[in-house]
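The structure appears below as C-alpha cells.
Each reported figure results from applying straightforward, stated rules to the coordinates on display, with no laboratory input. Small disclaimer: the values here were computed from a predicted structure and weren't measured. For neighbour counting, all protein chains shown are included, and Cβ atoms are generated from backbone atoms with ideal geometry for every residue, glycine included.
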Amino acid sequence: MTGSEPLTIDEEFDMQQSWRNDEDKCTFIVLAKTSSEQPNGLHSIEAMIGDVNFYLNSHDNPHEAELEVMIAEQAHSGRGVATEVLKLMMHYAVNDIGVTDFVVRIKETNNASIHIFEAKFGFIETERSKVFKEVTLRRQVTEDFKTELNVWSEQNSKRVIFEPF
C-alpha cells in the first residue's frame, strides 16, 4: 500500500524475524478476524493478510516514525483494514514509544493510500520524488490528533487484537 513491494510468505517471515530484535523498527502482522470456527485459530497462516510497520530512522528527529502498511490479500483490500491498523499503530507509536512526527512515502500512482493519509489522518504532502516516483506526506502529532487516536483506541479496543510479532 505504501512504498513496500509485495513479498513471498518466506520473504515476509525472514524479514519479520530480522526485525524482531531491531530497536529502530516495529512491525505487526495483520490478521483477518474470522469466526472462531477457523480450524487453526486466529494465529494460523491463513489469517495473515498483511503487515504494518514503523521505522525510527531519522537522524534529524529521533521521534519521527516512517509508517508503512500493506494489505496483501485482495479480499480485505478497500474495506477499511489499513485505516484501522494505522490508527492502532499510530496510537502505539505515540503513547508507548513517544513518536511526535509521522512520515509516509507512497508510490505516486497509489491514490487510495494517499487519500487515506491525507483525508483520514491529515497528512500533508511535503515532496515528490521523480526518481522513485513517490509522494512524501508528513503529520505532526498534536494534542488534538493524540486525543483522536486515544478515543478511537478506547472505542475499538475489544474489536481489534494488536500484538507485536
Sorted by chain and then number, the residues having a modelled amide H within less than 5 Å of the amide H of A72, at least 5 places away or on another chain, are G50, D51
With DSSP loop assignment and no more than 13 other C-beta atoms within 10 Å, the chymotrypsin sites (Phe, Trp or Tyr not before Pro) in the range 90-132 are F132
So for the range 52-150, using the alpha carbon gyration tensor with a ≥ b ≥ c as root eigenvalues (a/c under 1.5 gives rounded; past that, a/b versus b/c decides prolate or oblate), I'd call it oblate
For the range 50-65, in residue order, the Karplus 3J(HN,Hα) values (coefficients 6.51, -1.76, 1.60; θ = phi - 60°; whole Hz; Gly and Pro = x) are x, 8, 9, 9, 9, 10, 9, 10, 8, 6, 7, 9, x, 9, 9, 10
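Pick out, in residue order, every one of the trypsin sites (Lys or Arg not before Pro) in the range 58-162 that is DSSP loop and has at most 16 other C-beta atoms within 10 Å; say none if there are none. Each step should come with its number before you reach the end.
Details: sites: R79, K87, R105, K107, K120, R128, K130, K133, R138, R139, K146, K158, R159; in loops: R79, K130, K133, K158, R159.
The qualifying sites are R79, K130, K133, K158, R159.
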Residues meeting the amide H criterion for F123 (H placed from the backbone, H to H distance under 5 Å, 5 or more places apart or on another chain) are E118
